[in-house]
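The values are calculated or read from the model by the stated rules, or taken from the named source; none is laboratory data. Small disclaimer: the values here were computed from a predicted structure and weren't measured. As a convention, Cβ positions derive from the backbone with ideal geometry for all residues, glycine included, and neighbour counts pool all protein chains shown.
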């Protein structure tokens, strides 16, 4: 059973620094154990702050970046390089400054890619890429050391929204249509895929996240609050600032 840890810090800047430091250590530990690390990135304001903080950490120089696989939990289905894409945000915040192996950076397809504006075909392409990275095992998915997620004001994670049909998807990836947040078409890892990660980190800041986070931690259903279903096989980390944790009972805080 996954261990759940709730970490609460004073504000968003401290949160970004704390998550960045934790991520660097986790990657170093994974490389010490297996020679490789695999991380799933997310988007949003706090995610960008985390990546910029990683860039500024001297300890990040201890990472062999060419031995890191980078994936994305979801993506807005837009042309490559569009400023609203999570990939674009991540590249600008950190990735373009690293000595990464391009073959191990796995952005989700864009609308100007080989599948054009066919989101279902693009989602299946990403599923095949995941499966190819899982070989020589028989799994459909590679090992994920850390899968990072933001939490929306409605409790969504990746592009899995409350009561949306994508919450029932059974594959490893899914196309999302009629998203309640723009743009309407997206690609996402499914909840089933999210739950295969060794550690799932839910990173959130601000008072607008407090209500769904409180509901998720107190046992809401994953259809109503998708964040409640995002759990790691080994550990589930809620990494929050105080405003985001306002509706989480202090007795649930593991670290503060």
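Checking each residue in the range 224-251 for being farther than 18 Å from residue 15 by Cα and at pLDDT below 95 picks out 249, 251.
Looking only at the range 211-256, residues that are under 28 Å from residue 169 (Cβ atoms) and assigned to a helix (DSSP H, G or I) come to 11 in all. For the range 22-37, the tally of residues that are surrounded by fewer than 16 Cβ atoms within 10 Å (Cβ to Cβ) and closer than 25 Å to residue 238 by Cβ stands at 3. Of all residues in the range 168-187, which are outside any loop (DSSP other than H, G, I, E, B) and touching a helix residue (DSSP H, G or I) at 6+ places or on another chain (Cβ under 6 Å)? 173, 174, 175, 176, 187, listed by residue number. Being buried (at least 20 other Cβ atoms within 10 Å of the Cβ), closer than 24 Å to residue 143 by Cβ and in contact (Cβ under 8 Å) with a residue 12 or more places away in the chain is a property that holds for residue 230. Under the condition of being buried (at least 18 other Cβ atoms within 10 Å of the Cβ), free of Cβ contacts under 8 Å to residues at least 40 places away in the same chain and part of a helix (DSSP H, G or I), the residues counted in the range 102-124 number 0. Here residue 169 clears all of (1) under 19 Å from the mean Cα position of the chain (by Cα); (2) more than 17 Å from residue 42 (Cβ to Cβ); (3) in contact (Cβ under 8 Å) with a residue 40 or more places away in the chain except the condition numbered (3).
Scanning the range 197-210 for residues that are in a loop (DSSP other than H, G, I, E, B) and within 16 Å of the chain's Cα centre (by Cα) yields 197, 198, 205.
Residue by residue through the range 84-101, note down the ones that are assigned to a loop (DSSP other than H, G, I, E, B) and out of contact with any helix residue (DSSP H, G or I) (no Cβ under 8 Å at 6 or more places or on another chain).
84, 85
Do the conditions hold for residue 163, that is, is it modelled with pLDDT of 95 or more, in contact with a helix residue (DSSP H, G or I) (Cβ under 6 Å, 6 or more places away or on another chain) and within 23 Å of residue 224 (Cβ to Cβ)?
Here the answer is no, as residue 163 does not meet what is asked.
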